[in-house]
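Asks: Have a look at this one.
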Amino acid sequence: MSNEPWQIGEIAGPKKALIITKPSVVVGMVKKAKRTLMVVGHQTAEIDLGEENAIDYMIKIADRFKIPIVATANAVSEFVERNYPISWMSAMDIGNRLQDPEWEGLDGKGQYDLVLFIGIPYYMEWTILSGLKHTAPNLKTISLDRYYHPHASWSFSNIKIDEWVTYLKTIIGQIEEKA
């Protein structure tokens, strides 16, 4: 398992994301969090995982944990087609709001303490996570992408797509077992 950024030449600094070696880490972090948010980028809609799309996996995870979703760019249309309720915001806007200590969240009930990211272009998610790491020290972030994101609190290493699908299915399976 590598903790090197997927995009060569990116230097994260001395504090890097912990690698998710077991999908149960994600389940445990979400269960432990008081308020969780999922940010889903447009690349999630473009990832074909065989029988299902990555959007379908995110809906299962969000549905089981009752996590609100913020869709960015054209990921919105995928959720609308599935008649799944989401909020829409640009990726940079949600990144800025998560840094704002005065922001009360999508529902006005307070700040989030855990945010799951997936499907945002690597360089953009890198920048957002870097900003959050340095300006929102109480916020934990998990990258569910299959590429290592050193600025997240937790991230998968750079893994092949079949291994990634296995991890996502395991997360969903563990949620269902504990539900």
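Asks: What accessible area per residue comes out for the chain, rounded to a whole number of Å², with a 1.4 Å probe?
Replies: So the chain comes to 49 Å² accessible per residue, rounded to a whole number.
Asks: Right, here's the next one. Using 27 Å as the Cα-Cα cut-off, could you pick out the over-long pairs in Lys15/Lys66; Lys109/Lys169; Lys16/Lys66; Lys16/Lys109; Lys32/Lys109?
Replies: Violating the 27 Å limit, Cα to Cα: Lys15/Lys66; Lys109/Lys169; Lys16/Lys66; Lys16/Lys109.
Asks: Next question, about the same structure. Accessible area of Arg97, 1.4 Å probe, to the nearest 10 Å²?
Replies: 90
Asks: So, one more: Once you've got the GNM for the chain with C-alpha springs shorter than 10 Å, pick whichever of Glu102, Glu51, Glu125 has the biggest mean-square fluctuation.
Replies: Its mean-square fluctuation being the largest, the pick is Glu51.
Asks: Right, next: What shape does the chain take by its C-alpha gyration tensor, where a ≥ b ≥ c are the square roots of the eigenvalues and a/c under 1.5 counts as rounded, a/b above b/c as prolate, and the rest as oblate?
Replies: rounded
Asks: Determine the distance separating the Cα centre of the range 60-85 from the Cα centre of the range 12-40; give it in Å without decimals.
Replies: After rounding, the separation between the Cα centres reads 19 Å.
Asks: Between the DSSP loop rule and a limit of at most 16 other Cβ atoms within 10 Å, which trypsin sites (Lys or Arg not before Pro) in the range 103-145 are left?
Replies: Those satisfying the criteria are Lys109.
Asks: So, taking all protein chains as they sit and a 1.4 Å probe, how much accessible area belongs to Phe65, in Å² rounded to tens?
Replies: Using a 1.4 Å probe on the heavy atoms, I get roughly 50 Å².
Asks: In debye, nearest 20: dipole of the chain around its Cα centre with unit charges on the Cβ of K, R (+) and D, E (-)?
Replies: The dipole magnitude comes to about 800 debye.
Asks: Can you show me the helix-derived [θ] at 222 nm for the chain, built from DSSP H runs with n ≥ 4 at -39,500 (n - 2.57) apiece and divided by the number of residues, rounded to the nearest 500.
Replies: -12000 deg cm²/dmol
Asks: Using a Gaussian network model on the chain with a 10 Å cutoff between Cα atoms, which of Met92, Met38, Met58 fluctuates the most?
Replies: Met92
The values are calculated or read from the model by the stated rules, or taken from the named source; none is laboratory data. This is a predicted model, so every value here is computed, not measured. Virtual Cβ from ideal backbone geometry, glycine too; neighbours counted across all protein chains shown. Side chains are part of the model used for accessible areas, which takes the heavy atoms of the whole protein and leaves out ligands, DNA and RNA. Shrake-Rupley method; radii C 1.70, N 1.55, O 1.52, S 1.80 Å.
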